[in-house]
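First up is the structure itself, then whatever we jot down about it.
The values are calculated or read from the model by the stated rules, or taken from the named source; none is laboratory data. Remember, predicted model here, so these are calculated numbers, not experimental data. For neighbour counting, all protein chains shown are included, and Cβ atoms are generated from backbone atoms with ideal geometry for every residue, glycine included. Just the protein is used for accessible areas: all its heavy atoms, side chains included, with ligands, DNA and RNA removed. Shrake-Rupley method; radii C 1.70, N 1.55, O 1.52, S 1.80 Å.
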Amino acid sequence: MLKIAIASDHAGYLYKELVGDYLRGQEIQVVDFGTSSTDPVDYPIFIKPAALAVANGEVDYGIIFGGSGNGEAMVANRIQGIRCAIAWNLLSAEYAKKHNNANMLSLGQRLISENNLLPIVDQWLNSSFEAGRHTKRIDLIDKN
């Protein structure tokens with residue numbers, strides 16, 4: 001069974017909840033690292049543990065949420081082995097996986113309409129890494 005970490009700050013909380021419920025409905029195991037409300041919080045407290053779970057192989061992937069998704073992606077990408085991409089539409093989600101083998105996805109609640117949220121998640125989850133010329137680039141990313 002696929003296992004996905006989710007985490008957010010207050011500005012991404014509602015989308016985290018929507019995606020978490022959706023994934024559970026798809027029979028995907030969800031590990032929720034918080035936050036648990038729209039009360040203001042410091043996002044690294046929640047994002048870093050989710051990224052560490054992906055990096056350590058405790059979960060298969062991670063999806064994180066914020067107002068824009070930028071700060072959350074920055075936190076995740078500080079962890080060795082994480083390739084977190086920000087997606088804002090179907091094509092950016094597809095390429096995140098196909099070209100960059102992103103193991104985490106960062107989504108901005110203030111930048112993505114609710115109607116587009118789940119299709120973006122599906123696009124990313126259902127895309128596959130193309131390998132080929134991209135493999136060398138991924139190796140260069142992961143080689144610190």
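Numerical summary
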{"read-out": "Sole exception among (1) open to solvent by less than 50 Å² (accessible area, probe 1.4 Å); (2) in a helix (DSSP H, G or I) for residue 45, by number", "value": "(1)"}
{"read-out": "Selection count where residues are under 21 Å from residue 24 (Cβ atoms) and either touching a residue at least 12 places away in the same chain (Cβ under 8 Å) or basic (Lys, Arg) (or both), scope region 88-126", "value": "18"}
{"read-out": "Of all residues making up region 14-42, the number that are surrounded by 22 or more Cβ atoms within 10 Å (Cβ to Cβ) and assigned to a helix (DSSP H, G or I)", "value": "3"}
{"read-out": "Unique match (being among the hydrophobic types (A, V, I, L, M, F, W, C) and within 14 Å of residue 6 (Cα to Cα)) among 91, 111, 52, 140", "value": "52"}
{"read-out": "Residue within region 61-78 that is under 21 Å from residue 139 (Cα atoms), among the hydroxyl-bearing types (Ser, Thr, Tyr) and touching a residue at least 24 places away in the same chain (Cβ under 8 Å) present", "value": "yes"}
